[in-house]
1. Here are labelled values, [x] 26.3; [y] 24.5; [z] 23.0, and one is the computed mean projected area of the Cα convex hull in nm² for what I pasted. Which one?
2. Using only the alpha-carbon atoms of segment 291-389, report the extent along each of the three principal axes, biggest first, to the nearest angstrom.
3. Mind listing the long-range amide H neighbours of V330? Cut-off is under 5 Å, sequence gap 5 or more, other chains count too, H placed in the peptide plane at 1.01 Å from N.
4. Over segment 329-459, what portion of Cα pair distances is larger than 23 Å, expressed as a whole percent?
5. Leaving ligands and nucleic acids out of the surface, order E446, E497, E224, E403 by accessible area at 1.4 Å, largest first.
6. Taking only the Cα atoms of segment 12-125, how large is their convex hull per residue, in Å³?
7. Step through the residues of segment 360-367 one at a time and calculate ³J(HN,Hα) from phi using the Karplus curve (6.51 cos²θ - 1.76 cosθ + 1.60, θ = phi - 60°), rounding each to whole Hz and writing x for Gly and Pro.
8. Provide R487, R215, R174, R256 ordered by accessible surface of protein heavy atoms (probe 1.4 Å), highest first.
Amino acid sequence: MIKMKTELLIIGSGIAGLNLALKASKYGEVVLVSKDKLEETNTYYAQGGVAGVFGKDDSIESHVQDTLRAGDGISNKQIATILVRDAPKRIMELKRIGVKFDLDKKGFRLSREAVHSRSRIVHAKDITGQEIEKTLVKKVKENKKIKILEYHSVFELIIANNKCIGGIFFDIKRDKILSIFSKKIILATGGAGRLYSKTTNPEIATGDGLAIAFRAGAVLEDMEFVQFHPTMLNNSNPVFLISETLRGEGGLLKNRHGKTYMKKYHRDGELAPRDVVSLFSIIEMKKTGSRNVFLDVTHFDPKYLKARFPYIDRECMKYNIDLTKNMIPVCPAAHYICGGVKTDSYGRTNIKNLYAIGECACTQLHGADRLASNSMTEGLVFGTRLIEKVKNELKKEKIVEAEELEVTISPVKNGKIEKLKKQLQEIMWKYVGIIRNKKGLNIAKENIRKIKKKLDVIRVIGTNKEIAELENMILIGQIIILSALRRKESRGTHFIEDYPERHDNIWITHLSVDKEHSKLK
């Protein structure tokens with residue numbers, strides 16, 4: 001087994017991991033690990049933008065209140081205030097290092113998205129994430145204090161004396177095991193959208209960071225709150241998201257008969273929270289016997305439409321959809337996990353020297369549903385707070401080494417793993433999706449247990465990237481189901497038919513799952 005040491009180990013290369021790596025490099029040596037190439041992240045595919053208070057008609061109080069409203073009553077106001085207060089500074093830092101945001105004479109050209117009461121989304125046309133990711137990757141690659149390990153999949157965290165001291169990784173290209181020991185270990189591994197058959201997430205989003213943290217003894221929180229985005233381009237391959245900004249700027253959702261429907265369900269219409277729009281889009285699809293609804297932007301000025309949304313226009317044209325003439329067939333899809341590894345406002349978990357930031361973390365910011373474009377802002381704000389908090393500790397601490405875990409690499413790479421993965425994804429979509437009930441959740445629980453038993457047979461001869469990913473997906477799927485069964489109310493993204501009335505049990509707030517007390521066994 002190959003061994004490596006570093007002062008800071010960052011796992012994940014989205015906006016949270018890259019931003020932290022750049023800032024941490026001022027205080028120590030950094031190893032940045034990515035499961036695929038650096039750019040293959042949810043950040044890269046984010047279209048909308050980063051939320052921050054810049055408009056003269058806007059205020060910190062307004063952005064905080066919008067965040068709390070989207071979170072359906074359980075977002076942490078203190079955390080939301082930290083995010084909103086620090087967001088403009090962090091966004092300006094991106095601008096200074098070369099991110100080419102759209103500008104006008106007043107400064108940032110701001111757009112609006114669902115639940116935002118003001119235009120406050122800073123964007124780069126409809127490829128904001130791509131622009132941010134490319135700029136940060138360029139800066140990271142130029143930094144000599146950051147060692148980059150692409151195509152390295154994390155297997156487990158190394159724990160000694162109740163302290164995280166490193167991680168075990170699989171070098172995908174060379175079929176070798178690597179152990180990395182570090183003073184501080186930071187998870188920035190993103191979400192778990194690939195648990196579902198319909199998702200906006202890339203292949204890498206298999207919940208690895210969540211799973212390894214849980215197995216190491218970290219607490220997971222709010223895992224029942226899986227956000228579904230209302231507008232994925234139906235039947236696109238690879239999956240393609242249609243940005244919420246199109247609705248923010250006046251796009252209309254229509255059913256198969258060409259009738260608008262959101263106003264009859266919610267006062268905010270197309271700008272209702274994502275959980276509301278997704279739920280009622282599914283209901284309209286069922287009512288009309290259709291596999292999708294439609295997003296209509298044909299009333300936009302054609303020149304503006306093509307100039308403002310060139311990426312979406314180009315992708316839609318691949319499917320012979322002309323935005324200026326045709327409605328876009330869309331359907332809801334798994335998008336973002338609002339819960340994650342429980343942390344404080346500095347990214348600290350309940351395990352010493354283990355931190356989490358970005359989508360894999362749960363600061364209680366998002367509550368029951370995330371406010372649009374708060375996610376990339378979150379990665380910037382709390383990653384910066386983390387390094388400002390720990391920078392002085394780095395000088396005092398020593399790297400601790402321990403005996404590495406023995407890992408046997410399995411040669412199994414046939415269709416068995418992929419078949420089991422697809423079964424899991426279909427189960428999660430059917431029973432643990434937008435509309436849930438106790439009967440379906442228990443069916444999912446039992447069926448996933450059967451999948452796990454089959455994987456355990458394969459796992460006897462060792463592990464590899466595919467086996468480890470499926471193992472992680474099974475574990476996180478089980479935790480989502482457990483959390484969903486425990487929440488006896490409908491709130492935010494968690495709609496359960498057994499308790500259809502919102503806030504039936506108002507005393508329920510944040511639900512945590514830990515290894516010791518979970519019923520996964």
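1. [z]
2. 56, 30, 21
3. Excluding prolines and chain starts, which carry no amide H, the hits are N234, V293, F294, L295.
4. Every Cα pair in segment 329-459 considered, those over 23 Å come to 59 percent.
5. E403, E497, E446, E224
6. Numbers: hull volume 15.2 nm³, N = 114.
Residue-normalised Cα hull volume stands at 133 Å³.
7. Result, rounded to whole Hz: 6, 9, 10, 8, 6, 5, 7, x.
8. R174, R256, R215, R487
The values are calculated or read from the model by the stated rules, or taken from the named source; none is laboratory data. Computed from a predicted model, the values in this text were never measured in an experiment. With ligands, DNA and RNA removed, areas are computed over all heavy atoms of the protein, side chains included. Shrake-Rupley method; radii C 1.70, N 1.55, O 1.52, S 1.80 Å.
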